[in-house]
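Reviewing the structure listed below.
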Amino acid sequence: MAEGNSAYGRKEFRRSRSHFADRITADGRDGWPVEAGRYRLVVSRACPWASRAVISRRLLGLEEALSLAVADPVQDDRSWRFTLDPDGRDPVLGIRFLSEAYDARETGYPGGVSVPAIVDVPSGALVTNDFRRITLDLATEWTALHREGAPDLYPQRLRDEIDDVMRVVYEDVNNGVYRAGFATDQKEYEEACAGVFRRLEWLSERLAGRRYLVGDTITEADIRLFTTLVRFDAVYHGHFKCNRRKLAEDPVLWAYARDLYQTPGFGDTVDFDHIKRHYYQVHTGINPTGIVPLGPDLAGWLAPHGRERLGGRPFGDGTPPGPVRAEEEVPAGGRP
Ligand SMILES: N[C@@H](CCC(=O)N[C@@H](CS)C(=O)NCC(=O)O)C(=O)O
């Protein structure tokens, strides 16, 4: 299983640094200019860091310009694989394992293979697996290829505030649940778990009177919080032992998460089946039987959220994205 080359087995959970941090930019200063059709975004729909990019791509209307490869949610000892595709090969890159794109970039690369990854289609080489940067660049460097009506997910005038919120959300929530889940001693677990809920309370207070985290429109900060919240009751509550409360027991955060889930570009990217199978089957250190729980009931995600009363303009002066492309639809088994 993938635990061998990742951070999961260590004494204290540490997230590996992204190794390939080249940027794809409008001016191509790292050698990778923004170009329609040139790159392929490789994700797992299970992965919260990759899911940020899937949501941004939808909201910004980059589906045509940046194609999408979805890996099997369950890695084997060679990591992410394209077993969902005919013959087990990604149809565009022609590879069976994402590691082949890493090898094409650097032979003998010692780090782990991770998603999200952006691959240069002509050479088959990995460009970046820097999940911290990928979505910011989709929002700010890929603007020439955005759809008409695309929102500004990282507005200049709000960047300091967005960065501040994203920093604490990352430390305490996005990564906090992993620190709790992979803790190997009681104290470490308790500190991480308490930190998760302290921050969720803070977020709940912040979101009680405002529809979105920063400003009155959806920003990158909401995308990053959403990807953790949408996994919370399905995996973090049980598998990662973040079980002081369920998301569904916090009226504000639960309504906020449902509001986003029901916004085009968010829920239509979420595959609960992939999410559950990945966490429960891959992390055998914390779930040795690999049994995937039947619950929770997902129907609540579609219940009215009532957050319109807070105002807010989800897409600012823009418009929601159109329907999901047929080939990218999440199968019924992954949806409420
Ligand atoms: N590993 C990346 C972050 C992205 C990440 O952790 N992705 C996970 C999936 S959620 C992954 O691909 N892990 C490698 C593995 O499980 O083998 C980093 O810390 O730079």
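Just so you know, all these numbers are worked out from the coordinates, no wet-lab data involved. Predicted model, so just to flag it, every value in this text is computed and none were measured. So basically every Cβ, Gly included, is an ideal-geometry build from the backbone, and we count neighbours across all protein chains shown.
On a C-alpha basis, how far is the centre of the range 186-211 from the centre of the range 95-149 in Å? Whole number, if you could?
After rounding, the separation between the Cα centres reads 32 Å.
In debye, nearest 20, what is the charge dipole magnitude of the range 111-179 about its Cα centre with +1 on Lys and Arg Cβ and -1 on Asp and Glu Cβ, if you could check?
In total the dipole reaches around 160 debye.
Loop by DSSP (not H, G, I, E, B), at most 13 other beta-carbon atoms within 10 Å: where is the longest site-free stretch of the chain for trypsin sites (Lys or Arg not before Pro)?
30-243
I want to verify a result. In a Gaussian network model of the chain, Cα cutoff 10 Å, which of these has the top mean-square fluctuation: Asp163, Asp85, Asp297?
Answer for the Gaussian network model of the chain: Asp297.
Using a simple charge model, +1 on the beta-carbon of Lys and Arg, -1 on the beta-carbon of Asp and Glu, nothing else, what dipole does the range 38-91 show about its Cα centre, in debye to the nearest 20?
Here the range 38-91 has a charge dipole of around 260 debye.
Using +1 at the Cβ of each Lys and Arg and -1 at the Cβ of each Asp and Glu in the chain, identify which of Gly88, Ala65, Thr219 lies farthest towards the dipole's positive end.
Thr219
Got the relative contact order for the chain handy, in percent, Cα pairs under 8 Å and 6 or more residues apart?
The value is 20 percent.
Give, in nm to one decimal, the length gained when the segment between Ala26 and Trp202 is fully stretched (0.36 nm per residue of separation minus the Cα-Cα distance).
Going from the current span to full extension adds 59.7 nm.
Could you pull out the GluC sites (Glu not before Pro) across the range 236-336 that fall in loop regions by DSSP (anything but H, G, I, E, B) with no more than 15 other Cβ atoms inside 10 Å?
Those that pass, being in a loop and sparsely packed, are Glu329.
Which loop-located chymotrypsin sites (Phe, Trp or Tyr not before Pro) does the range 270-336 contain, where loop means any DSSP state but H, G, I, E or B and the Cβ has at most 12 other Cβ atoms within 10 Å?
Sparse-neighbourhood loop chymotrypsin sites (Phe, Trp or Tyr not before Pro): none present.
Along each principal axis of its Cα atoms, how long is the range 169-262 end to end? Whole angstroms, biggest number first, please.
Ordered largest first, the range 169-262 gives principal extents of 41, 21, 19 Å.
What do you get for GluC sites (Glu not before Pro) in the range 146-234 restricted to DSSP loop and a cutoff of at most 12 other Cβ within 10 Å of the site's Cβ?
Glu148
Hey, could you grab the Kirkwood Rh for the chain? Inverse mean 1/r over distinct alpha carbon pairs, Å, one decimal.
That comes to 20.2 Å for the chain.
Ranking Trp32, Trp49 by Cβ neighbours within 10 Å, fewest first, what do you get?
Trp32, Trp49
Once every DSSP H run of n ≥ 4 in the chain is given -39500 (n - 2.57) and the sum is divided by its residues, what mean residue ellipticity at 222 nm do you get, rounded to the nearest 500 deg cm²/dmol?
That comes out to -9500 deg cm²/dmol.
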